[in-house]
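Trainee: Structure incoming, see below.
The values are calculated or read from the model by the stated rules, or taken from the named source; none is laboratory data. Since we're looking at a predicted model, the values are computed, not measured. Cβ placement follows ideal geometry from the backbone for every residue including glycine, while neighbour counts extend to all protein chains displayed. Side chains are part of the model used for accessible areas, which takes the heavy atoms of the whole protein and leaves out ligands, DNA and RNA. Shrake-Rupley method; radii C 1.70, N 1.55, O 1.52, S 1.80 Å.
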Amino acid sequence: MRIAMIGTGYVGLVSGACLSEFGHTVVCVDKESEKVAALRAGRIPIFEPRLDEVVSANARAGRLIFETDIAAAVQNADAVFIAVGTPSRRGDGHADLTYVYNAAEEIAAALSGYAVIVTKSTVPVGTSREVERIIRRARPDAEFDMASNPEFLREGSAIDDFRRPDRVVVGCDTERAREVMREVYRPLYLNETPILFTSRETSELIKYAANAFLATKITFINEMADLCEKVGADVQDVARGIGLDGRIGSKFLHPGPGFGGSCFPKDTVALLKTAQDAGAPSRIVEAVIGVNDARKLSMADRIVKAFGGVEKKTVAILGLTFKPNTDDMRDAPSLVIVPHLQSKGATIRAFDPQGAKEAHKLLNIELCRDAYDALEGADGVVILTEWNEFRALDLGRVKGLLKQPLMVDLRNIYRPSQMADSGFTYVSLGRATATP
Ligand SMILES: NC(=O)c1ccc[n+]([C@@H]2O[C@H](COP(=O)([O-])OP(=O)(O)OC[C@H]3O[C@@H](n4cnc5c(N)ncnc54)[C@H](O)[C@@H]3O)[C@@H](O)[C@H]2O)c1
């Protein structure tokens, strides 16, 4: 089967590489010629664990090809996936569909023979029908069906998520399109992965509903963490106590500095806009967005308070990306917290294992070569992202490098008793501050 993947970012590259691993011939297209040149030369433009192995093995086998020319990829393709960005539109927060619609025009011009055009990008309800209109208007003669196939992979574990998804959702209206999509995901059928066929509108909404639900769960436990601090409860135990309830589940119950990343912030806002436009406003999603935005600033204030003010002080920050195992800085809490600390007079020394290149473009801070380098001479350390390498720092060494033994941990990766025993003042979330 021949597949064209339009857009070779986090989703397009992972999906394209994994579909080629399924045995299909996949041509990944991107407008950015440098990206395509890098991929052809075997360099991966993003950090995603094990992606390099999958890309190189399948490229070597001739099943994974990189192109800037959309026409070459679309001609003779059985399925054409649109995996371009859908950022928030400036001004109103609706999903910006410019890239999707431009891709639709380009696909229309190149279509030859029957193909299924699949929206893999996260797109608002109705987008698949609009893409269909665009293609039909441009090419009344073209033979194609539309499908919606949202992607649920998580950055940091994207390869495993694609190979072993909890489910695959496909929205389409015709049996012919369904057949093609079954063939695309045939290896998953053999694994008995649930494959849910729905209408296109339902499929589009499932993606937003899933992200909004997860964002709500995170925001809920963040609020519970604040409440725990006020009433002397421990949020880790509360999370465990409710998470063991099968109806609730233990995932996404870790308090933190507010959700960020390339999906939840923009997708919750876009869902809110869709709901308002449809006359079915979602007050829960609205509250989640407001609470989460406020949380990032309140985390900065918490740091300022823990340091007794940050004017003329040096704050060491460990972790800048929105979560570990990615270099993605989109909407990371650090982008709010760091400038706020700087506006209060702090000097920042930071380290992130993979995010430094992106962070350098977005933040005006000193980027250090490792965690211990960032700590040297700082007035305290803040853990912003829970990279594994920060979980087992040599606390004696940390203490020796800092001016005072102060740690603000916005991911709760240490035990308060352990930190107190090690001589630290340790401020975490939803638990009492530990002192030596
Ligand atoms: N990043 C994630 O974890 C994730 C997860 C699930 C869904 N999604 C959704 O998937 C979509 C893509 O997200 P992403 O993070 O991969 O975006 P991205 O910005 O990393 O990549 C998009 C790529 O598309 C390319 N592009 C744009 N227009 C093009 C065109 N006409 N022809 C060829 N290439 C074109 C861009 O150059 C870019 O490389 C979004 O809708 C996003 O919401 C993302």
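Trainee: Quantify, in whole percent, the carbon and sulfur part of the accessible surface of region 1-109 (1.4 Å probe; protein heavy atoms only).
Mentor: Of all accessible area on region 1-109, carbon and sulfur atoms account for 46 percent.
Trainee: Please report the antiparallel percentage of the DSSP beta bridges confined to region 282-436, to the nearest 5. Intermediate results must be reported in sequence, preceding the final value.
Mentor: On the way: 1 of 18 bridges.
So the antiparallel bridges in region 282-436 amount to around 5 percent.
Trainee: Also, I was wondering about something else. So if I take the centroid of the Cα atoms in region 283-314 and the same for region 340-364, what is the distance between those two points in Å?
Mentor: Centre-to-centre (Cα) distance: 16 Å.
Trainee: Right, something else. Please compare each pair in K273/K361; K266/K313; K217/K273; K273/K357; K230/K344 to a cut-off of 22 Å on the Cα-Cα distance and tell me which ones are over it.
Mentor: With Cα atoms farther than 22 Å apart: K273/K361; K266/K313; K273/K357; K230/K344.
Trainee: Can you tell me the order of 119-126, 342-349, 205-212, 34-41 when each peptide is scored by its average per-residue count of other Cβ atoms within 10 angstrom, highest first?
Mentor: Packing proxy ranking, top to bottom: 119-126, 205-212, 342-349, 34-41.
Trainee: Let me ask something else about it. Provide the per residue accessible area, probe 1.4 Å, for the chain, rounded to a whole number of square angstrom.
Mentor: For the chain, the solvent-accessible area averages 44 Å² per residue.
Trainee: Could you check the spin-label model distance between R167 and E183? Points 7 Å from the Cα along Cα→Cβ, value in nm.
Mentor: 2.6 nm
Trainee: Where both residues lie in the chain, what percent of DSSP beta bridges are antiparallel, nearest 5? Each step should come with its number before you reach the end.
Mentor: Details: 4 of 47 bridges.
Rounded to the nearest five, the antiparallel share is 10 percent.
Trainee: What base-10 log of the normalised intensity I(q)/I(0) is obtained for the chain from the Debye formula, alpha carbons as equal point scatterers, at q = 0.07, 0.11, 0.13 Å⁻¹?
Mentor: For the chain, the Cα-only Debye profile gives -0.39, -0.90, -1.16.
Trainee: If R₀ is 41 angstrom, what is the calculated FRET efficiency for the pair A287 and A37, using the beta carbon separation as r and rounding to 0.05?
Mentor: Efficiency computed from Cβ-Cβ geometry: 0.35.
Trainee: Explain nothing, just the number: relative contact order of region 237-389, from Cα pairs under 8 Å at least 6 residues apart, as a whole percent.
Mentor: Relative contact order of region 237-389: 24 percent.
Trainee: How many percent of the accessible area of region 208-335 is carbon or sulfur, using a 1.4 Å probe?
Mentor: On the way: 3450 of 5940 Å².
Here carbon and sulfur together make up 58 percent of the probe-accessible area.
Trainee: Any chance you could check the Cα centroid distance between region 1-67 and region 366-401 for me, in angstrom?
Mentor: Centre-to-centre (Cα) distance: 35 Å.
Trainee: Output the DSSP H helices from the chain with an along-axis C-alpha extent of no less than 15 Å and a mean Kyte-Doolittle hydropathy no less than 0.5.
Mentor: The qualifying helices are 10-21.
Trainee: Picking from I413, I65, I383, which is most flexible by a Gaussian network model of the chain using Cα springs under 10 Å?
Mentor: I413
Trainee: At what distance in nm do the modelled label points of R60 and K230 sit from each other, each positioned 7 Å from its Cα along Cα→Cβ?
Mentor: Calculated label separation equals 5.9 nm.
Trainee: Give me the Kirkwood hydrodynamic radius of region 238-343 in Å, from all C-alpha pairs, to one decimal place?
Mentor: Hydrodynamic radius (Kirkwood, Cα only) of region 238-343 equals 15.9 Å.
Trainee: For region 175-320, how big is Rg over Rh, using alpha carbon atoms and the Kirkwood form of Rh?
Mentor: Dividing the radius of gyration by the Kirkwood radius yields 1.09.
Trainee: Can you tell me the relative contact order of region 38-112? Whole percent, Cα pairs under 8 Å, sequence separation 6 or more.
Mentor: Over region 38-112, the number comes to 26 percent.
Trainee: For region 430-435, take each phi angle, set θ = phi - 60°, evaluate the Karplus expression 6.51 cos²θ - 1.76 cosθ + 1.60, and give the result in whole Hz per residue in order, putting x for glycine and proline.
Mentor: Values, residue by residue: x, 9, 5, 5, 9, 10 Hz.
Trainee: Choose one answer from A420, A77, A110: the residue with the largest mean-square fluctuation in a GNM of the chain with alpha-carbon springs under 10 Å.
Mentor: Comparing A420, A77, A110 in the GNM, the peak value goes to A420.
Trainee: Roughly how many Å² of D52 are accessible to a 1.4 Å probe, to the nearest 10?
Mentor: That residue has around 80 Å² of solvent-accessible surface.
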